[in-house]
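Shown next, in structure tokens, is the structure this report addresses.
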Amino acid sequence: MTRDLVERARRGDHDAFAELAGAAISRLDATAWLMLRDADRATDAVQNALVRAWRDLPTLRDPDRFDAWLHRLLVNACIDEIRRVRRRHLDVDITDLSTPPSIADAASAIADRDQLERGFSRLEPEERAVIVLHHYLDLPLPEVAATLGIPLGTTKSRLYRGLKEMRAALDADARPGPDIREGRPA
């Protein structure tokens with residue numbers, strides 16, 4: 001059924017493409033949000049990926065790989081969005097997380113989530129893409145490599161490097177900062 005829809009869409013059938021896009025939209029939205037962590041930017045990335053998909057659909061060689069191809073377009077759109085925002089966005093962190101919340105409750109969960117967000121935002125877009133596809137979408141590494149169009153070894157090294165960067169960011173946030181009053185560590 002999907003192959004038939006892809007073939008019809010390749011020949012310019014708008015309804016077939018709309019059906020394909022409709023079937024994939026929730027997965028695309030989830031993937032984009034996981035990569036970008038911003039609903040508006042995620043929506044923009046999904047729209048850009050779908051526009052590219054419609055424009056480039058005639059060049060798709062294997063209709064059976066439509067979903068992987070569409071995810072690759074989305075990941076590339078997300079990476080473009082991250083790069084575009086990084087050029088114009090200066091993020092200044094003014095919160096002090098050197099002392100953990102005293103009560104393990106919703107506030108603690110929010111602090112943990114915010115700390116993870118900061119660590120995630122420090123990753124390169126390519127590392128972020130591998131982590132999202134592998135850990136959030138549960139794709140096996142060979143499928144992540146195929147989706148991104150990169151060798152398996154590159155996928156593994158980006159995953160390793162990304163997780164290492166996340167750990168380093170979390171460790172750095174956990175270390176107490178210098179005591180400003182006395183100019184030495186607390």
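Residues in region 5-23, backbone N under 13 Å from the label point at Thr59 (7 Å along the Cα-to-beta-carbon vector): list them, ranges by number please.
Those under the cut-off are none; the list is empty.
Separation between the Glu124 and Glu143 pseudo-spin-labels, each 7 Å from Cα along Cα→Cβ, expressed in nm?
2.6 nm
So what are the ³J(HN,Hα) numbers for region 23-36, from phi and the Karplus equation (6.51, -1.76, 1.60; θ = phi - 60°), rounded to whole Hz, Gly and Pro as x?
Residue by residue, region 23-36 yields 6, 9, 4, 5, 5, 5, 4, 4, 5, 5, 5, 4, 7, 9 Hz.
Taking the Cα atoms of region 37-89 alone, what are Rg (to one decimal) and Dmax (as a whole number) in Å?
Cα-based Rg and Dmax for region 37-89 come out at 12.2, 39 Å.
Enumerate by residue number the trypsin sites (Lys or Arg not before Pro) in region 40-80 meeting two conditions: DSSP loop (anything except H, G, I, E, B), and at most 11 other Cβ atoms within 10 Å of the site's Cβ.
Loop-located and lightly packed - Arg61.
How high is the FRET efficiency from Arg83 to Arg8, r the C-beta distance, R0 25 Å, rounded to 0.05? Walk me through the numbers before you get to the answer.
Details: r = 34 Å, r/R0 = 1.37.
That gives a FRET efficiency of 0.15.
With r as the distance between the Cβ atoms of Arg52 and Ser157 and R0 = 35 Å, compute the FRET efficiency 1/(1 + (r/R0)^6) and round to 0.05.
That gives a FRET efficiency of 0.80.
Can you give the relative contact order of region 1-77 as a percent, counting alpha carbon pairs under 8 Å and 6+ residues apart?
Computed over region 1-77, the figure is 33 percent.
FYI, it's all coordinate maths here, none of it is from the lab. These figures come from a predicted structure and were not determined experimentally. Glycine gets a Cβ as well: all are built from the backbone with ideal geometry, and neighbour counts include every protein chain shown.
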